[in-house]
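**Q** First, the structure itself, so that you have it in front of you.
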């Protein structure tokens, strides 16, 4: 069976002055997911948007992919569930203790939504491997998290391939998502390596968004 690639436009790259219009444009372009980058200026060196902004489109008819780049993500899970998040991904680096990571995975699962875990580009890949049997998705950052418009870090391709081999050799059901510097060229590298979900920002923000989403899905 042919693999189906999902495309998740990152709202961070769109026009915040016309937020609901932009969300509708993403939906009308037949995007699979809406990727929401939540940054607190502490875990990463930038502040994006948070709960009040997400409240404005909580009823939008699209899968909401929430990426928490914040400290203490466990404190905010309930609120994002109330805002109709379908997937909450948090960073492994937000916690020092394995028990805290496992507790948060369990907490999100108990909310009957998908749970993902992510690591920064410099975090050794082996740190995330023990959790893949327990999560629905692993997010590979192909840029340093915190800012849009960065170039794809080349070693992300090998990290995706290593994760793909690890997941499939064990029969896990964990999806692989990639975020950062995605365009037609880098998306092809990621898809060939085994990725399932492409997060794209700057590449999709122009008037050709629908055409570009279809191109990414057919690479």
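**Q** Residues that are at pLDDT 95 or above and under 26 Å from residue 84 (Cα atoms): find the helices (runs of 4 or more DSSP H) completely inside the stretch 102-218 holding 1 or more of those.
**A** Per the criteria, 209-217.
**Q** Looking at residue 117 and the list (1) touching a helix residue (DSSP H, G or I) at 6+ places or on another chain (Cβ under 8 Å); (2) surrounded by fewer than 19 Cβ atoms within 10 Å (Cβ to Cβ), which single condition is not satisfied?
**A** Condition not satisfied by residue 117: (2).
**Q** A follow-up question, please. Mind listing just one residue for me: the one in the stretch 41-73 that is over 21 Å from residue 177 (Cβ atoms) and outside any loop (DSSP other than H, G, I, E, B) and, of those, modelled with the lowest pLDDT?
**A** 47
**Q** For the structure I just gave you, tell me whether residue 24 is out of contact with any strand residue (DSSP E or B) (no Cβ under 6 Å at 6 or more places or on another chain) and more than 13 Å from residue 213 (Cα to Cα).
**A** Yes.
Each row is one residue, and each column tells you yes or no for (1) buried (at least 17 other Cβ atoms within 10 Å of the Cβ); (2) touching a residue at least 24 places away in the same chain (Cβ under 8 Å); (3) touching a helix residue (DSSP H, G or I) at 6+ places or on another chain (Cβ under 6 Å).
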{"site": "88", "(1), (2), (3)": "yes, yes, yes"}
{"site": "91", "(1), (2), (3)": "yes, yes, no"}
{"site": "98", "(1), (2), (3)": "no, yes, no"}
{"site": "121", "(1), (2), (3)": "no, yes, no"}
{"site": "141", "(1), (2), (3)": "yes, yes, no"}
{"site": "153", "(1), (2), (3)": "yes, yes, no"}
{"site": "173", "(1), (2), (3)": "no, yes, no"}
{"site": "177", "(1), (2), (3)": "yes, yes, no"}
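**Q** Do you know which residues across the stretch 158-194 are over 24 Å from residue 205 (Cα atoms) and touching a strand residue (DSSP E or B) at 6+ places or on another chain (Cβ under 9 Å)?
**A** 159, 160, 163, 164, 167, 174, 175, 193, 194, listed by residue number.
The values are calculated or read from the model by the stated rules, or taken from the named source; none is laboratory data. What you see is a predicted model; the values in this text were computed from it and never measured. Every residue, glycine among them, receives a Cβ derived from its backbone with ideal geometry; neighbour counts consider all protein chains shown.
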